[in-house]
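Presented below is the structure to which this report refers.
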Amino acid sequence: MPSGRQGGRPAMNLEEQQELDRQVQKYALETGEDFEIYDYGETYDNLADDLEETRDDLNDETFGGIQGDEGTDFDFARNTRQIAPALKKEEELYIKQNDAGPRRSSFASLWENDGSSQQDSFKMGLPEPSQAASSIWGSFGNTAGKGMDMGGAGFVHDPVFGVGTFLRPSTFGNGHQSLEEVEAQLLRTARGQPQRVSMQQHHQGDRKMMSLEEVEAALMNINGGRPIYSEAMLAEQQAKIALLEKRRAAREAKQAETAKHNGLMTQGDKDFINRIQISQLVTDDPYADDFYCQVYTAIRNRHLQQMGIPGSMMEPESNDGNRRRGGNGRTEQRMQQQVQRIVSDAKRNPKRTNVTVEGALGKIAVNSVLNPRQLLQVSKRGTNDSSGGNSPKPPSPGPVSTKSHTVLGWIENVYTYVLALEQKRRQQPPPPRMGEEEIAGEAIRRWNEEYGILAQKMWNELRITVPIGIVHPHPFISILNYSKGKKVIPRVLRHLLPEQTLTLLTMLVANFESLNVCKSEVYADVQGNQEIELFMNTIVPPLLGFVSEAPFRIVVGLLALFIERNNMIWVARSKPGLAFLTLFLSRAEILKQGQGNYPIPDDREINQWNELYNRLFSQLQTHFSALFMPKATMAEDVHVWRFLAAMAVGATVEQQHVLVTEVREQVLENVIAAQTTRMAPEKAAQKISNVNLFLHALGLDASQVSVPAM
Amino acid sequence: MDEHAPLESAGIEEPLDLVRLSLDERIYVKLRGDRELRGKLHAYDGHLNMVLGDVEETITVVDVDEDTLKEVIRIVKRNCEMLFVRGDGVILVSPPSRA
């Protein structure tokens, strides 16, 4: 049907048309959804006729043209049929009550009168058509309230205009109960055993509303004329039932009151409103407009998958085209097609923010979620002012606050560019296909250029290249001193060139002391420790990845700069500082042994390194034991052991001796602590393995340590 | 070498730009109904709807003594892990006072 829904219609003969309608209605029943709601072409006025409508090549798939795989999950009709007599009865009751009203006595009559193919085919679609169906739909006014009350199942769509929508279909079968059944159930649960007799009575079809007295009498009969309840319990039951009754009455009254508005809107009106509502929510760029939803969904799906539950159907559409199953999948696919159509419609008619109709007194504002009504008009500087850059700077309230505001502003600018870059990445043009290299090549070139400009802007905004010494602390360090500045770094690094990353690392190493995380955890408050933790989690891992691929020359240079520009004793007592030292030492050791993809460094480089190492060692000598946290803090000290191990590997015999002498206390302490029975086994094992980190580097083991008698 | 951006410019053009600077920072929010909030700003929008984390809410309640007609001022505090603030109640947003 390439000519579209409207255009294709006359071409079909009547039989085909009916068949299609029948399929459509059947599908609607199965899925429990009324997609006629979303199908604008069908009931909308003919204005849309001249619009070109494609995208219906999937109609068969969408509307269930290919049958055979549906299960019985959504076979509500059967469930409904089972209680059809009850519904019928209730309907009659209701009709009797409302006979005087101006309302049509039953919707069933409507169905009979209306000869449109839609309604007819709907009935055809039902396994056992006329009676059950008309009774279901006809009794809407009476049963829906109750249904929702009891089981949560009910119709939400006005039945006059088509197929009702079932809510919570799974509960429908047993959830939809008549009042008698409810009463009986209440009594039954109160008694704690099933009342078969009375239930059967109810099921035998002779249904009338039992008054309370009758219920009571029935119960008395069953129990041999002896009341089974104490007065209090009975009163309680009565109150419950009365309350239920009252609610029902209230609901019915309300329904009757609003009934006069029934049929006020045509299906076309409803479609129109639906379209407006959906088009407000639709976006063709979910990552930019629905960011939190996207991220939340991703996180939640990951979480679910970890727990062994397959990803939910809310997954972003990209990668799971074939993982969808069953009715939900099809419903969702259909929704997506609708959404896509709306999006492309919106693209065709670009949004205008306001419309001026000729001769009208005012403007009509077209507002949407993304374009809310603007109340304040703040003119942007630079747009009015052609001189742009010369516009006066806002007065600075004082050096300190300007400082923090300025830095915060830088960080926000960095975020702006990072977000723009991430957005660009998502819009990366696909690799060229055969025969289209020319066009695709152009697109790729343009994309590269734009991406490069953005990346450069971000790089400038980081202010890494500001010479050291102009401002203290260095601007880049100021950025890192905010937690959001730390958090952005991993996202920044993804867009940097390798030499830019190296510059960043160099700057960081050169100004390490002025970092706010460069202090011992002992001196940091709770917030300070959170910052340290954040630094270790955000900045260290990506840079670790970078260093672990760096050649020897670079590692030597970085360590030299590190030692040169910072007080090693102070830096080494901070967790991040120690982490970086360990990183450089271990990387150098790996390269010295010729592992990695680099050649073994030559003698000159080795000499350089040894010199550097000796300098570091002599600076830290007599301070090794001070690297450990005071015992009272109970802090983790694995990173200290790791550092000592890295030191020990490169040390000469004398240096190793010095090391062992200095941290002898700590080694003994840990081994003794692990051997006393008071400690949990896993914790003891942890302590031993920490010590072993260091001892193995020396060629020793914790088991060789003789514990002096206490 | 690359040209770094000027050290001063922070691109503040409209009032909400100032609020943006406080993203991920602790802020102080004054609300209608004698309520104050102190918490970390996670998100905001043009209506000043906000999502705050790790919030301390301070409510000032004035009780009037029935007999003496004396006003007794009470301060109620509570903490929330995460809070959505509807923008129509916001009077003031500021960085916390450095006390």
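The values are calculated or read from the model by the stated rules, or taken from the named source; none is laboratory data. Everything quoted here is computed from the prediction, not taken from an experiment. Here the Cβ is made from the backbone with ideal geometry for all residues, glycine too, and neighbour counts use every protein chain on show. Only protein heavy atoms, including side chains, enter the accessible area calculation; ligands, DNA and RNA are left aside. Shrake-Rupley method; radii C 1.70, N 1.55, O 1.52, S 1.80 Å.
Some observations on this one:
- Of all residues in the stretch A:417-446, those satisfying the criterion of being in a helix (DSSP H, G or I) and open to solvent by 60 Å² or more (accessible area, probe 1.4 Å) are A:419, A:425, A:426, A:437, A:438, A:439, A:442, A:445, A:446.
- In a residue-by-residue description of the stretch B:77-94, the property of being on the phi < 0 side of the Ramachandran plot and within 12 Å of another protein chain (Cβ to nearest Cβ) applies to at least one position.
- The set of residues from the stretch B:28-47 being crowded, with 19+ Cβ neighbours inside 10 Å and within 12 Å of chain A (Cβ to nearest Cβ) comprises just one member, B:41.
A quick yes/no check of all residues on (1) of a type in the set (Asp, Glu); (2) over 10 Å from the mean Cα position of the chain (by Cα); (3) outside any strand (DSSP E or B):
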position: B:20; (1), (2), (3): no, yes, yes
position: B:36; (1), (2), (3): yes, no, no
position: B:41; (1), (2), (3): no, no, no
position: B:53; (1), (2), (3): no, yes, no
position: B:61; (1), (2), (3): no, yes, no
position: B:67; (1), (2), (3): yes, yes, yes
position: B:72; (1), (2), (3): no, yes, no
position: B:76; (1), (2), (3): no, yes, no
position: B:80; (1), (2), (3): no, yes, no
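- Lone unmet requirement of (1) surrounded by fewer than 11 Cβ atoms within 10 Å (Cβ to Cβ); (2) within 29 Å of residue A:473 (Cβ to Cβ); (3) at pLDDT 90 or above for residue B:1: (3)
- All positions within the stretch A:528-557 that are polar (S, T, N, Q) and part of a helix (DSSP H, G or I): A:529, A:530, A:537, A:538
- Meets criteria (open to solvent by less than 20 Å² (accessible area, probe 1.4 Å), under 29 Å from the mean Cα position of the chain (by Cα) and more than 14 Å from chain B (Cβ to nearest Cβ)) for residue A:543: yes
- Those residues of the stretch A:229-259 which are over 18 Å from residue A:90 (Cβ atoms), among the hydrophobic types (A, V, I, L, M, F, W, C) and either open to solvent by less than 60 Å² (accessible area, probe 1.4 Å) or free of Cβ contacts under 8 Å to residues at least 24 places away in the same chain (or both), in sequence order: A:232, A:234, A:235, A:239, A:242, A:243
- Scanning the stretch A:448-478 for residues that are in contact with a helix residue (DSSP H, G or I) (Cβ under 7 Å, 6 or more places away or on another chain), more than 12 Å from chain B (Cβ to nearest Cβ) and either assigned to a helix (DSSP H, G or I) or farther than 24 Å from residue A:528 by Cβ (or both) yields a count of 5.
- Flag for residue A:673 being at pLDDT below 80, of a type in the set (A, V, I, L, M, F, W, C) and part of a helix (DSSP H, G or I): yes
- Tabulated pairs, the stretch B:58-82, first over 18 Å from residue B:38 (Cβ atoms), second open to solvent by 100 Å² or more (accessible area, probe 1.4 Å) and of a type in the set (Asp, Glu), C-beta under 6 angstrom, 6+ apart or interchain: B:62/B:71; B:64/B:71
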